[in-house]
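Take a look at the structure below.
The values are calculated or read from the model by the stated rules, or taken from the named source; none is laboratory data. Just so we're clear, the structure is a prediction, and the values are computed from it rather than from any experiment. Note that we place each Cβ from the backbone using ideal geometry, even for glycine, and neighbour counts take in every protein chain shown.
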Amino acid sequence: MHRFALAPLLALSAAAAGGLALETTSRALAQSRQPLLGVREPGPAPSWKNTSWLNAGRPLALEELRGRVVFLNFWVFTCGNCTRTVPSLVDFDRKYRDRGLTLIGIHTPEFPPYAGEHDRSNVERALRQYHIAYPNAQDNDAGTWDLYGIRYWPSFVLIDKRGVIRYEGYGEFHLNDGTYQLWDRRIRELLLE
Amino acid sequence: MRAAWAAVTLSGAKGAISGHAPFAGFRVTLILLLAAACSGERGPGAPVRLEISPAGEHTLVTLIPASHIKLNARLKPALELADGSVLRFDTPRLTADSAYFAEPPAAVLPGRHSRVRGTLRASVCENDAPVCRALVLEL
């Protein structure tokens with residue numbers, strides 16, 4: 001099979017025109033192997049502006065959740081890492097909702113609308129499929145994703161009763177594994193404050 | 001920016017998929033992302049490469065992931081063409097959990113083409129990192 005030797009030419013053009021992008025990529029690749037859970041320097045959680053909500057009678061505002069611990073999950077139903085984490089989130093909601101935890105899904109599509117991730121009916125179907133009873137906001141313009149500086153699916157942000165971000169992280173986890181237990185401890189810690 | 005790789009645009013690779021007439025009998029392979037190779041850092045290499053080959057009257061475009069990458073099958077990779085149409089990559093062979101492609105997905109581009117231009121989107125997951133990222137490349 002004849003094969004064109006394009007790689008050297010591409011390497012030169014890419015290095016010339018895309019040097020910054022290449023550096024960004026390498027940094028991102030390296031960063032993906034960093035620990036997935038972090039303690040964040042406390043700071044006020046920004047207010048989201050999402051208008052389309054599911055499992056909520058009306059749009060939820062961060063300000064009205066003062067006095068409750070808020071756990072944000074940035075996800076999308078097409079992401080296996082996200083949906084495999086959902087049982088743990090459903091469990092947190094079941095255990096801690098009545099003790100002061102509000103779990104909120106921020107559903108942020110990866111692709112443009114032609115992929116179907118923006119459709120409310122598809123999100124509703126996913127909520128039923130994964131037995132998700134906690135509120136979910138459609139973040140179709142990625143406004144809240146950008147507001148919180150999120151980079152990966154799934155990601156998590158834990159906000160204390162005063163509206164301060166205390167913990168953040170990303171990556172799939174499962175019922176009762178080490179990461180689940182770490183988030184569980186953090187939730188209980190903030191509920192006791 | 002949605003994800004780290006969403007920031008990557010290989011403007012230097014525009015129009016880089018090109019062949020010589022006659023196209024038939026040739027297979028053109030383009031390494032889409034030369035990041036690791038060009039940066040001089042040790043890394044897992046290009047996440048995907050695109051291969052085009054003739055398929056009868058049409059052109060078969062195959063998206064081949066690097067060995068450390070899984071392609072999300074629940075969000076079929078897409079090639080957005082300049083005329084507004086969108087090609088979706090697919091293959092029936094999936095992993096047992098149906099979450100990822102078990103072989104490189106392909107799409108048929110109508111007509112014979114020796115180059116592909118457009119925006120390639122794929123949802124990619126590293127084998128050892130429990131997250132998905134959006135990969136966006138301008139061809």
Result of the Cβ filter at 7 Å on the stretch B:72-90, keeping first residues that are farther than 17 Å from B:ARG133 by Cα and partners that are of a type in the set (S, T, N, Q), at least 6 apart or interchain, is B:GLU80/B:THR119
Kindly check whether there is at least one residue in the stretch B:19-40 that is surrounded by 15 or more Cβ atoms within 10 Å (Cβ to Cβ), part of a loop (DSSP other than H, G, I, E, B), modelled with pLDDT under 95 and out of contact with any helix residue (DSSP H, G or I) (no Cβ under 9 Å at 6 or more places or on another chain). yes
Some residue of the stretch A:177-192 being within 18 Å of B:ARG74 (Cβ to Cβ) and exposed (fewer than 14 other Cβ atoms within 10 Å of the Cβ): no
In the stretch B:75-91, anything among the aliphatic types (A, V, I, L, M) and in a loop (DSSP other than H, G, I, E, B) is listed as B:LEU75, B:LEU81, B:ALA82
Considering only the stretch A:42-54, I want to know if a residue exists there that is out of contact with any helix residue (DSSP H, G or I) (no Cβ under 8 Å at 6 or more places or on another chain), surrounded by 13 or more Cβ atoms within 10 Å (Cβ to Cβ), at pLDDT 50 or above and of a type in the set (Val, Ile, Thr). no
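For the stretch A:128-144, give me each residue that is touching a His at 6+ places or on another chain (Cβ under 8 Å) and within 7 Å of A:ASN50 (Cβ to Cβ).
A:ALA137, A:GLN138, A:ASP139
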Complete set of residues in the stretch B:119-139 that are under 17 Å from B:ALA106 (Cα atoms) and within 7 Å of another protein chain (Cβ to nearest Cβ): B:ARG121, B:SER123
Is it true that A:ARG128 is of a type in the set (D, E, K, R), farther than 30 Å from B:SER85 by Cα and touching a residue at least 24 places away in the same chain (Cβ under 8 Å)? no
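So which residues in the stretch B:92-139 are basic (Lys, Arg) and either touching a Pro at 6+ places or on another chain (Cβ under 6 Å) or in a strand (DSSP E or B) (or both), if there are any at all?
B:ARG121, B:ARG133
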Restricting to the stretch B:68-86, and then to whatever is more than 19 Å from A:PRO109 (Cβ to Cβ) and surrounded by 14 or more Cβ atoms within 10 Å (Cβ to Cβ), can you tell me which residue is modelled with the lowest pLDDT? B:HIS68
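Evaluate the stretch B:100-112: report whether one residue or more is in contact (Cβ under 8 Å) with a residue 60 or more places away in the chain and surrounded by 14 or more Cβ atoms within 10 Å (Cβ to Cβ). Step through it out loud before you land on a result.
At the first step, the residues of the stretch B:100-112 found to be in contact (Cβ under 8 Å) with a residue 60 or more places away in the chain are B:112.
Right, trim to surrounded by 14 or more Cβ atoms within 10 Å (Cβ to Cβ) and you get B:112.
Within the stretch B:100-112 (the criterion being in contact (Cβ under 8 Å) with a residue 60 or more places away in the chain and surrounded by 14 or more Cβ atoms within 10 Å (Cβ to Cβ)), the answer is yes, since at least one residue qualifies.
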Of all the strands (runs of 3 or more DSSP E) wholly in the stretch A:72-171, which have at least 1 residues that are within 14 Å of another protein chain (Cβ to nearest Cβ), crowded, with 21+ Cβ neighbours inside 10 Å and of a type in the set (Phe, Trp, Tyr)? A:155-159, A:164-170
Within the stretch B:60-74, which residues are in a loop (DSSP other than H, G, I, E, B) and either in contact with a Phe, Trp or Tyr (Cβ under 8 Å, 6 or more places away or on another chain) or of a type in the set (D, E, K, R) (or both)? B:ALA73, B:ARG74
